[in-house]
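Everything below concerns the one structure shown next.
The values are calculated or read from the model by the stated rules, or taken from the named source; none is laboratory data. Please read all numbers here as calculations on a predicted model, not as lab measurements. Neighbour counts run over all protein chains shown; Cβ positions are idealised from the backbone, glycine included.
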Amino acid sequence: MAKFLVEKLNLHYGKFHALKDVSMEIKEKEITAFIGPSGCGKSTFLKTINRMNDLIEGVRIDGKILLDGEDIYDGYDVIQLRTRVGMVFQQPNPFPMTIYDNVAYGPRIHGIKKKSILDEIVERSLRQAAIWDEVKDKLKKNAQSVSGGQQQRICIARTLAVEPEVILMDEPTSALDPISTLKIEDLAVELKNNYTIIIVTHNMQQASRISDKTAFFLTGEVIEYGETEQIFNNPVNQKTEDYITGRFG
């Protein structure tokens, strides 16, 4: 089961030093939240964990990210990495196809063609994403025709269908209403029984409600990282306290 060890990670976009000496251990089957003001490096760091930043020109990375002891930047197969480490984005982004085909997309790419097996995967993934009962009679409908909250849970089901070990969530509820937000939060807490979850959130209440560990980022550095309860109730660093109490950010 997947855990990460990050050692002195630096990331530059051209001349801009976006991440500075980031080191942390991310444990399996926990929810780790990244908080901090806009542009502080938390989403950039999230994207280094499944090498999404590889797609951006002029990016330079040094340091190590070890996944179960293997450095993901040292000869690690990117396709295998992104199968193990799934991603859910800020805006729900279902493909313009049926709900069924969205969820079956990854398994089909991995060579699963048999309808009975795909049926099982689709049902299991939608159940895991707590949306099966809402869409089981609409599987042939376009996934973009349902509500934003449902679209986001379909995207989570699509991520789960390839059986990752880690789920990265980049502000997964920022485009959603409060009821949908609560459903995604409940779902994340449920999923951590089987997955390692890392979530970037602007919503500090969300971080305090659902995460086990919290990292506070500021200008590309991790200012403080620890148990969520300690970070919110008894922060060690004055900057953390200032941010959490709303003095800046």
(request) Please list, ordered by first then second residue, the pairs with beta carbon atoms under 8 Å, 6 or more apart or interchain, first in the stretch 19-30 and over 21 Å from residue 167 (Cβ atoms), second of a type in the set (Phe, Trp, Tyr) and at pLDDT below 95. (result) none
(message) Suppose we filter the stretch 221-238 for residues that are over 13 Å from residue 207 (Cβ atoms), outside any strand (DSSP E or B) and among the β-branched types (Val, Ile, Thr); how many remain?
(response) 1
(request) Report yes if some residue within the stretch 47-56 is crowded, with 21+ Cβ neighbours inside 10 Å, in a helix (DSSP H, G or I) and either among the aromatic types (Phe, Trp, Tyr) or in contact with a strand residue (DSSP E or B) (Cβ under 9 Å, 6 or more places away or on another chain) (or both); otherwise report no. (result) yes
(request) Taking the residues in the stretch 24-43 that are β-branched (Val, Ile, Thr) and over 12 Å from the mean Cα position of the chain (by Cα) as candidates, determine which candidate is surrounded by the most Cβ atoms within 10 Å (Cβ to Cβ). (result) 35
(request) Out of the residues in the stretch 211-227 that are crowded, with 21+ Cβ neighbours inside 10 Å and among the β-branched types (Val, Ile, Thr), state the one that is farthest from residue 8 (Cα to Cα). (result) 214
(request) For the stretch 198-209, state whether one or more residues are of a type in the set (Ser, Thr, Tyr), modelled with pLDDT under 95, in a loop (DSSP other than H, G, I, E, B) and within 24 Å of residue 41 (Cβ to Cβ). (result) no
(request) Sort out which residues of the stretch 179-197 are surrounded by fewer than 20 Cβ atoms within 10 Å (Cβ to Cβ) and outside any helix (DSSP H, G or I), and write them in order of number. (result) 192, 193, 194
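Table: residues versus (1) of a type in the set (Val, Ile, Thr); (2) over 28 Å from residue 203 (Cα atoms); (3) out of contact with any helix residue (DSSP H, G or I) (no Cβ under 7 Å at 6 or more places or on another chain); (4) loosely packed, with under 15 Cβ neighbours inside 10 Å.
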| site | (1), (2), (3), (4) |
| --- | --- |
| 94 | no, no, no, no |
| 114 | no, yes, yes, yes |
| 117 | yes, yes, yes, yes |
| 141 | no, yes, no, yes |
| 149 | no, no, no, no |
